[in-house]
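For reference, the structure discussed in these notes is given below.
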């Protein structure tokens, strides 16, 4: 359990420590009037103080959000990075310009405001060129390739891509309109999409780089939806000419929509490939192995849950996350299933991912040579370190307990 502590109006998350502290060290609250001794009056006071701190943060969050809405309605910039072709201008409350604010610079007076103005002339000309190329009928991928061929420096000195061009084309700030609060994430929560009727829209808030007619015409061209049949016909054409399908072929062939278009329309590139009769056998084999390993891991977890229904609890937020089992009176247990490979000498090895971070006990399940079932289960008190390929001799009795049945492994140890 974590609780909030208020320091200078900020809600911090700190562990809920017992009265006797952590590892026997006492915890003293220096700025509070109660004593952390576990007595009932002090426990009640501590809980009340924490509730007050959480309520203060909630009210402060609402006030800051309402202040942002009010400033946006006045036509001032509330965001941070202005974007390519624009710069932040510091101004007084009556909109009198003071100076250009460089990257990482902030205003020093709370009464001052920030607006957007056109940036360097070369960036402004590039933005207008992008819109002009859209009206000429070029795709966003073709525009990005053209700008890279002309060695035009992109946002933050990088190269141009489909997403960077799309961000410029779709953003109404280039025609002087500000839209604020399209998404919100209060008090550290996940950002959620705000309904369109709750957006704060202010037209003519900034000096436009593109006139409204040009912006609307560009939006109409890029939002014209191509049919599924057209997208699949372009994939069939690419397959006939290149002999294969992949991200590289899609990106480098003119006239082919970008891979993100196929992902958005069909769910994934693999599904789009299947609709035109193409199958990436190398990717399919790896994908099937991953799915088999996930199914085997689920079978191990379900067998333990059914065998010890009152003594074990599962924690797993989604199917792709590694499951953690909590046995009563024991540390958490991570369940890891490792696929098998055959090395050059013909011996079997098991791959252990180096990015797994875990400090407690581990149930390591080893697959058979075909990765179709688990042939042995091993219980380690901690995750093996510094090993990527585990050999059979690594699983000796001095390091771990092993068994061919997962339930028998735990029954011999008294359910852990």
How do 61-72, 254-265 rank on mean C-beta neighbours within 10 Å, highest first? 254-265, 61-72
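How large is the helix-only mean residue ellipticity at 222 nm for the chain, computed as the sum of -39500 (n - 2.57) over DSSP H runs with n ≥ 4, divided by its residue count, in deg cm²/dmol to the nearest 500?
Per the formula, -11500 deg cm²/dmol.
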Virtual spin-label span in nm between residue 248 and residue 56, 7 Å along Cα→Cβ: 5.9 nm
Quick one: Cα convex hull volume of segment 285-412, Å³ per residue? 117 Å³
Go from 0 up to the bin containing the longest alpha carbon distance in segment 228-279, width 5 Å each, and give me the % of pairs per bin. 4, 23, 40, 27, 6
Just to verify a number: FRET efficiency for residue 110 and residue 135, C-beta to C-beta distance, R0 = 35 Å, to 0.05? 0.20
Relative packing of peptides 160-172, 27-39 - highest average C-beta neighbours within 10 Å first: 160-172, 27-39
Separation of the residue 33 and residue 184 label points, Cα + 7 Å toward Cβ, nm: 3.5 nm
For the pair residue 298 and residue 163, what calculated FRET efficiency results from E = 1/(1 + (r/R0)^6), where r is the Cβ-Cβ distance and R0 = 35 Å, to the nearest 0.05? 0.45
Find the Cα radius of gyration of segment 107-169, compare it with 2.2 N^0.38 Å by division, and give the number to two decimals. 1.38
Per the Cauchy relation, a quarter of the hull surface: what is the mean projected area of the convex hull of the alpha carbons in the chain, in nm²? 30.7 nm²
Note on segment 86-222: the mean projected area of its alpha-carbon convex hull, in nm², is 10.2 nm²
Taking R0 as 51 Å and r as the Cβ-Cβ distance between residue 117 and residue 193, the FRET efficiency 1/(1 + (r/R0)^6), rounded to the nearest 0.05, comes to 0.95
According to a simple spin-label model (label point 7 Å from Cα along Cα-to-Cβ), what is the distance in nm between residue 314 and residue 227? 4.6 nm
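Rule-based calculations on the coordinates, nothing more; no lab input. Small disclaimer: the values here were computed from a predicted structure and weren't measured. Neighbour counts run over all protein chains shown; Cβ positions are idealised from the backbone, glycine included.
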